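Beneath this line is the structure, given in structure tokens, with notes to follow.
What follows is calculated from the coordinates using simple rules that are stated; it is not laboratory data. Please read all numbers here as calculations on a predicted model, not as lab measurements. With ideal geometry, Cβ positions are generated from the backbone for all residues, glycine too; neighbour counts draw on all protein chains shown.
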Amino acid sequence: MAYNLAPLQNLIDQFERMQGIGHKTAQRMAFYVLGLSDSQAQEFAKAITDAHTKIKQCKVCCDLADDELCPICKDNTRDKSVICVVEDPRDVVAIERTHEYKGTYHVLHGAISPMDNIGPDQIRIKELIARLGSGEVEEVIMATNPTVEGEATAMYISRLLKPMGITVSRLAYGVPVGADLEYADEITLSRAIEGRSVI
């Protein structure tokens with residue numbers, strides 16, 4: 001007889017639906033949840049429900065927020081003349097970890113991908129264009145992923161912005177720290193050469 005408890009299997013299936021979570025990891029997570037006390041399980045469920053119901057998109061930059069504006073858009077010390085355009089809220093977190101960037105962001109929530117039926121109208125490009133009407137923005141940094149879709153999105157947006165007289169720049173890509181050149185692909189190496197700087 002197969003060992004199959006429907007509620008446990010359902011929990012495993014839910015965890016397995018998460019991106020990057022395989023069957024064994026989903027199983028471990030499900031057994032972790034089973035090991036929680038009743039109050040801990042309720043806290044866990046409430047955290048999921050709260051995140052799902054209380055987190056929305058910032059009305060300015062489309063990043064995640066629990067209010068009308070995200071913490072970065074509320075911050076008066078940020079340089080409002082520079083917008084860094086990213087595909088996903090996780091990209092904002094990654095850039096903020098560097099503590100180097102002091103401008104604002106715009107989150108597209110995707111990239112143009114005709115193969116997946118995602119066109120310019122399915123991502124937050126209109127909201128970006130609306131932000132540029134004030135004349136306050138001087139530079140837009142395209143920080144989309146170095147994929148075919150990310151490159152296409154960056155090129156599409158840069159063509160829209162050029163007539164507006166706004167500087168459009170692209171993140172430099174290159175060889176990661178600690179990597180061997182012999183293992184780097186041609187595109188990464190060519191980007192590294194193009195983006196070289198004086199030392």
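Extension gain, S39 to S169, is 41.8 nm, computed as 0.36 nm per intervening residue step minus the present C-alpha separation. Between N10 and E186, the contour length at 0.36 nm per residue exceeds the alpha carbon distance by 58.9 nm. Label-to-label distance, T147 versus E194, with points set 7 angstrom from Cα along the beta-carbon direction: 1.9 nm. Say we join alpha carbon atoms closer than 10 Å with springs in a Gaussian network model of the chain; which of E16, E151, E136 then has the biggest fluctuation? In the Gaussian network model the winner is E16.
What ranking do F15, F44 get, fewest neighbouring Cβ atoms within 10 angstrom at the top?
Values: F15 18, F44 13.
Arranged by neighbour count, lowest to highest, F15, F44 become F44, F15.
In this structure, N117 and M18 have a Cβ-Cβ separation that, at R0 = 41 Å, corresponds to a calculated FRET efficiency of about 0.95.
Compute the Cα gyration tensor for segment 81-170, then decide on rounded, prolate or oblate, letting a ≥ b ≥ c be the square roots of its eigenvalues: rounded whenever a/c is under 1.5, prolate when a/b is larger than b/c in the other cases, and oblate in all that remain. Present the calculation step by step, with values, prior to reporting the outcome.
Values: a/c = 1.76, a/b = 1.13, b/c = 1.56.
Because a/c hits 1.5 or more and a/b fails to exceed b/c, segment 81-170 counts as oblate.
The label-point distance for I48 and R97, in a model that sets each label 7 Å from Cα toward Cβ, rounds to 2.5 nm. The R78 and S158 beta-carbon pair, evaluated with R₀ = 22 Å, returns a calculated FRET efficiency of approximately 0.45. Give the lysines whose C-alpha is closer than 25 Å to that of K102, dropping any in the same chain fewer than 8 places away, or say none. Cα-Cα hits under 25 Å: K56, K59, K74, K80, K126, K162.
Please work out whether segment 43-132 counts as rounded, prolate or oblate from its C-alpha gyration tensor, where a ≥ b ≥ c are the square roots of the eigenvalues and a/c under 1.5 means rounded, while otherwise a/b larger than b/c means prolate and anything else oblate? Before the final figure, lay out each step's value.
Values: a/c = 1.67, a/b = 1.06, b/c = 1.58.
Taking the square roots of the gyration eigenvalues as a ≥ b ≥ c, segment 43-132 is oblate.
Is the shape of segment 6-54 rounded, prolate or oblate, going by the alpha carbon gyration tensor and its root eigenvalues a ≥ b ≥ c, with a/c under 1.5 for rounded and a/b larger than b/c for prolate? It comes out oblate by the Cα gyration axes. Give the distance, in whole Å, between the Cα centre of segment 1-72 and the Cα centre of segment 111-127. So the separation of the two Cα centres works out to 27 Å.
Would you mind telling me the antiparallel percentage of the DSSP bridges in segment 81-170, rounded to 5? Percent antiparallel among DSSP bridges in segment 81-170 is about 10.
With neighbour counts taken as other beta-carbon atoms within 10 Å, the residues Y105, Y32 rank, fewest first, as Y32, Y105.
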